[in-house]
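What follows is a set of notes on a single structure, which appears directly below.
Throughout, read-outs are computed from the coordinates displayed, never taken from laboratory work. Since the model is a prediction, treat every value here as computed from it, not as a measurement. Positions of Cβ are generated from backbone atoms using ideal geometry, with glycine treated the same way; all protein chains shown enter the neighbour counts.
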Amino acid sequence: MGFGLPGAIGAQFASPNSKVVCLNTDGGMMFNLQELQVVATHQLPLKLVVFNNQGYTMIRSSQDTLFSGRRIGSDLREELGFPNFSKVADTFSLGHTLLDGNSDWRGALSRALASTDPEIIEVKMSPEQTYLPRLATVKMPDGTLSSPPIEDLTPRLGDGELRGWLDRNPPGSDSRK
């Protein structure tokens, strides 16, 4: 979390003639918001897609799963604030496109991606949106936490299906796809 924008800047410098699109979240943006000045100073044509879910969805999800829905510091109900990304774009003299479901999002997205100027593309999302597949830690009856192996993402496959796949693609083999 927080690596998206600096990584995209590095990719754009490394390959200046390529179209670089960074997928980020509003929470992840807050880690390195100041890097937008590098984008502005060098007029890097990268496209920064910000999924605005009004908080830290992954943290909310963990709090719901592991702490019986007791949330703190992860959404707007807890007086957590995020900037207006249109104003952020204006501050750094970047373009801004808002995709909020109430507009011609396909056309707006096409125009934003076709532009050669730096652009923040803000996608408004439900604060309750979940991300799948994902690695989901579970709380055991004794209160300890258990994380499954990386290949057992949520939503989980049945044990037979996962075991069959692992038998056909053993760890360390080149056939794991």
hull vol. (C-alpha, convex hull) per residue for region 132-177, Å³ -> 92 Å³
Please list, in chain and number order, the residues 5+ apart from Phe92 or on another chain whose amide H is under 5 Å from its amide H, with Hs placed from the backbone. none
Amide H to amide H under 5 Å from Cys22: which residues, 5+ apart in sequence or cross-chain, H placed 1.01 Å off N in plane? Lys47, Leu48, Val49
In whole percent, what relative contact order does region 4-124 give with Cα contacts below 8 Å and a gap of six or more residues? 27 percent
What is the list of residues in region 51-65 whose amide nitrogen lies under 20 Å from a point 7 angstrom out from the Cα of Arg106, following Cα to Cβ? none
Let me check the size of the chain from its C-alpha atoms; what are the radius of gyration and Dmax in Å? 19.6, 55
To the nearest Å, what is the center-to-center distance of region 20-34 and region 117-139, using C-alpha atoms only? 12 Å
Tell me the chymotrypsin sites (Phe, Trp or Tyr not before Pro) within region 1-61 that lie in a loop according to DSSP and have at most 14 other beta-carbon atoms within 10 Å. Phe3
What value in Å³ per residue do you get for the convex hull of the alpha-carbon atoms in region 92-177? 239 Å³
Provide Leu33, Leu46, Leu157 in ascending order of the number of other Cβ atoms located within 10 Å of each residue's Cβ, fewest first. Leu157, Leu33, Leu46
